[in-house]
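Okay, structure first, notes after.
The values are calculated or read from the model by the stated rules, or taken from the named source; none is laboratory data. Please read all numbers here as calculations on a predicted model, not as lab measurements. Here the Cβ is made from the backbone with ideal geometry for all residues, glycine too, and neighbour counts use every protein chain on show. The area values use the complete protein model at the heavy-atom level, side chains included, leaving out ligands, DNA and RNA. Shrake-Rupley method; radii C 1.70, N 1.55, O 1.52, S 1.80 Å.
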Amino acid sequence: MRGDLVRKLIARCLSIGLAVLAFLLAALTGATGWGLALAVAALGAAAVERRIRPGADTAAETTLIAAAVLVGYARRLDDGFDPALAVTALLLLGLVLLVGPLRQAGNLETRAANLRVRSWTPLAATHLGEALLGLLAVVALAAAATLPAWVALVAALLVGAGAAAVALDLARRRFRPPAGGGAVGRAVRAHQPEFLLYFSAPPGSEYQVTMWLPYLERIGRPFLVLLREPEFLAPVAAATTAPVVYCPTLRAMDEVLVPSLKVAFYVNHGAKNSHCIRFSQLTHIQLHHGDSDKAPSANPVSAIFDRIFVAGPAAIERYARAGVDIPAEKFVVVGRPQVESIAVRPEPLPAGAPRTVLYTPTWTGHHADADYCSLPVAEPLLRGLLDRGATVILRAHPYTTQNPASARQLGRLTELLAADRARTGRQHLWGTAASRDLSLVECVNRSDALVSDVSGVISDYLYSSKPFAVTDMGGDGEAFTERFPLATAGYVLRRDMANLDEVLDRLLGADPLAPERWSTRRRYLGDFPVETYAEAFLDAARRELAPGWDPVAPRVGRPVEPGTAPLSPTA
């Protein structure tokens, strides 16, 4: 994505540039103090780059920084050859050369959280780069203070000893693996999980997992979360008490997928899903991380799963409409359990009552056919809402800022809201106040109406029965509701905003589509009682775990033929 690429490029240029300047000043001029100061700045830039580019090879700039610090140190001491400083230089060189390979070796080790197992070595290997940067900062400060060289030598020996211990343990694990498998595999076998949630995705996608974790826990059976990218280990582990395991290789998966497992759940169509699909003894179930009329929601890859849990019959019709031929018995209507906490409002607000409007622009997508983002035309929309006295909750997609243009457009909208809040006192929400301090459900419950792009937010909002508007960013006109049938229950905003006043009159006023939303709600979210709505999913999941279960027997969440209504939990 362009924004992400720009940030990485800036971080790279900054760390390399400062490192080169630090070395040139320290080595070729008499400005030793400035050289050391620039070296410390380069260390800070390198640390930032490591956060932006996890796993990046920073050996070149680290070598330049180390050289600048050592040259500056030697000049500050001005005592000729110093054996302690020479040994420090050798240790630093060794660490610079070893940090990258040790980090790579550590990333090839299975790691776990929320499991009674010690795996300090792989974790320590991933943080050796930070330890080296910290060591260089200590040496630079010692040089600036003109401390004896043995101070830097002691610090280097401590870090070097730690790196040596990590290297030896990783070598032992690689060349003399323990009999009966590793500690993580043994701990997983002792846990006896009955199902797993498999997850692989780009950075920043952990919300796809965390939305499902509370409901997987409510199934009441032991389970684990299997990750394929290490950066998700900490945030996912913080969201559940279940074991979370990072498996870097197929061999690691072979060890972790223990015989007690019966079912594997998935929340997206990631390419690495095939690494788990190959385990034919499991029942593979696609949950999705949202329900919408977007093109990716009818991905042909869904056909590889044994079951596809969908929110309502509309999802089955979506696949058929896209020409994706999947046997009807694979579909199970389970509702969308995440909406169970959304308050349902059967009656409209009184005319003239103040409104709070939730605006949820989506991101630009990976491909042009998935770009439904309304941010380029959102300013007139926001001004229209403010002119009508509405309080606005602006909750942007987590990926929005990865596109520089979207980030600028979002910034302009937040400026508008801040200015109006200062002028009128209306408590608009945006940024972390809307996206982190509040959950999506809380935003929905605080609002009286929604303006959204084509996304899963509309399906969730539909549960509340409150009015919504959807943006036609493709300029499809009359064909828009054919491509996105959910829009028939809402008010369609044209890309040029020519019908903005008409839409806002209906959205914030008479709301003539209220009856249509009730029938659409059943098609998209299932016909399940509000009091026990999430039980449809829990019941279907438990049945998949039950031995000898007949998949065609009548039950809650049974496979549904396209165009038919799902059974209610009381059927």
Taking region 416-429 and keeping only residues that are in a loop (DSSP other than H, G, I, E, B) and buried (at least 20 other Cβ atoms within 10 Å of the Cβ), one is left with His428
Among (1) open to solvent by less than 40 Å² (accessible area, probe 1.4 Å); (2) touching a Lys or Arg at 6+ places or on another chain (Cβ under 9 Å), Tyr399 falls short only on (2)
Taking region 72-90 and keeping only residues that are in contact with a Ser or Thr (Cβ under 8 Å, 6 or more places away or on another chain) and open to solvent by 50 Å² or more (accessible area, probe 1.4 Å), one is left with Arg75, Arg76
Residue pairs qualifying under the 6 Å Cβ cut-off, at least six apart or on distinct chains, with the first in region 54-71 being within 11 Å of Ala27 (Cα to Cα) and the second being not aliphatic (A, V, I, L, M), are Leu64/Phe23; Ala67/Phe23; Ala68/Phe23; Ala68/Gly35
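Yes/no per residue for (1) small (Gly, Ala, Ser); (2) in contact with a strand residue (DSSP E or B) (Cβ under 8 Å, 6 or more places away or on another chain); (3) closer than 21 Å to Val99 by Cβ:
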position: Ser15; (1), (2), (3): yes, no, yes
position: Ala19; (1), (2), (3): yes, no, yes
position: Leu25; (1), (2), (3): no, no, no
position: Thr32; (1), (2), (3): no, no, no
position: Thr58; (1), (2), (3): no, no, yes
position: Thr62; (1), (2), (3): no, no, yes
The number of residues in region 393-432 that are without any contact (Cβ under 8 Å) to a residue 40 or more places away in the chain and under 18 Å from the mean Cα position of the chain (by Cα) is 4
Scanning region 315-360 for residues that are of a type in the set (Lys, Arg) and under 21 Å from Val392 (Cα atoms), the one most open to solvent (accessible area, probe 1.4 Å) turns out to be Arg345
Considering region 225-255, residues that are surrounded by fewer than 20 Cβ atoms within 10 Å (Cβ to Cβ) and of a type in the set (Ser, Thr, Tyr), and then whichever is nearest to Leu115 (Cα to Cα), we arrive at Thr241
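When you look at Val267, is it more than 27 Å from His127 (Cα to Cα), open to solvent by less than 50 Å² (accessible area, probe 1.4 Å), over 18 Å from the mean Cα position of the chain (by Cα) and among the β-branched types (Val, Ile, Thr), yes or no? Break it down stepwise before answering.
Values: more than 27 Å from His127 (Cα to Cα): yes; open to solvent by less than 50 Å² (accessible area, probe 1.4 Å): yes; over 18 Å from the mean Cα position of the chain (by Cα): no; among the β-branched types (Val, Ile, Thr): yes.
Answer is no for this residue.
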Taking region 314-371 and keeping only residues that are at pLDDT 90 or above, farther than 28 Å from Asn299 by Cα and more than 30 Å from the chain's Cα centre (by Cα), one is left with Arg355
(message) So, Leu413, is that one farther than 19 Å from Val344 by Cβ and open to solvent by 10 Å² or more (accessible area, probe 1.4 Å) or not?
(response) no
Checked pairs for region 260-274, first aromatic (Phe, Trp, Tyr), second in a helix (DSSP H, G or I), C-beta under 9 Å and 6 or more apart or across chains, list as Phe265/Leu216; Phe265/Ala541; Tyr266/Asn273; Tyr266/Cys276; Tyr266/Ile277
In region 270-302, anything at pLDDT 90 or above, in a loop (DSSP other than H, G, I, E, B) and surrounded by fewer than 22 Cβ atoms within 10 Å (Cβ to Cβ) is listed as Gly270, Arg278, Phe279, Ser280, Gln281, Leu282
Reported set for region 46-63 where residues are surrounded by fewer than 24 Cβ atoms within 10 Å (Cβ to Cβ) and assigned to a helix (DSSP H, G or I) is Ala47, Val48, Glu49, Arg50, Arg51, Ile52, Ala59, Ala60, Thr63
Take Ala320 and decide whether it is of a type in the set (A, V, I, L, M) and either in a helix (DSSP H, G or I) or in contact with a Pro (Cβ under 8 Å, 6 or more places away or on another chain) (or both). yes
Here, helices (runs of 4 or more DSSP H) confined to region 451-537 with at least 3 residues that are farther than 30 Å from Leu216 by Cα are 480-483, 500-505, 514-525
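Yes/no per residue for (1) free of Cβ contacts under 8 Å to residues at least 24 places away in the same chain; (2) under 26 Å from Phe23 (Cα atoms); (3) open to solvent by 60 Å² or more (accessible area, probe 1.4 Å); (4) touching a strand residue (DSSP E or B) at 6+ places or on another chain (Cβ under 9 Å):
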residue	(1), (2), (3), (4)
Leu93	no, yes, yes, no
Val96	no, yes, no, no
Ala112	no, no, no, yes
Val117	no, no, no, no
Leu132	no, yes, no, no
Flagged in region 294-341 as at positive phi and out of contact with any Gly (no Cβ under 6 Å at 6 or more places or on another chain), in numbering order, are Gly323
When restricted to Ala140, Ala84, the only residue under 19 Å from Glu49 (Cβ atoms) and part of a helix (DSSP H, G or I) is Ala140
Q) Within region 38-45, is even one residue touching a strand residue (DSSP E or B) at 6+ places or on another chain (Cβ under 9 Å), modelled with pLDDT of 85 or more and open to solvent by 20 Å² or more (accessible area, probe 1.4 Å)? A) no
Output for Cβ contacts, cut-off 6 Å, separation at least six or different chains, first residue in contact (Cβ under 8 Å) with a residue 40 or more places away in the chain and within 20 Å of Ala510 (Cα to Cα) in region 485-497, second polar (S, T, N, Q) and open to solvent by 10 Å² or more (accessible area, probe 1.4 Å), reads Ala487/Thr481
Note on Val441: of the conditions (1) of a type in the set (Val, Ile, Thr); (2) in a loop (DSSP other than H, G, I, E, B); (3) over 26 Å from Asp496 (Cα atoms), unmet is (2)
Of the residues in region 143-190, those that are assigned to a loop (DSSP other than H, G, I, E, B) and either over 30 Å from Gly44 (Cβ atoms) or touching a strand residue (DSSP E or B) at 6+ places or on another chain (Cβ under 7 Å) (or both) number 7
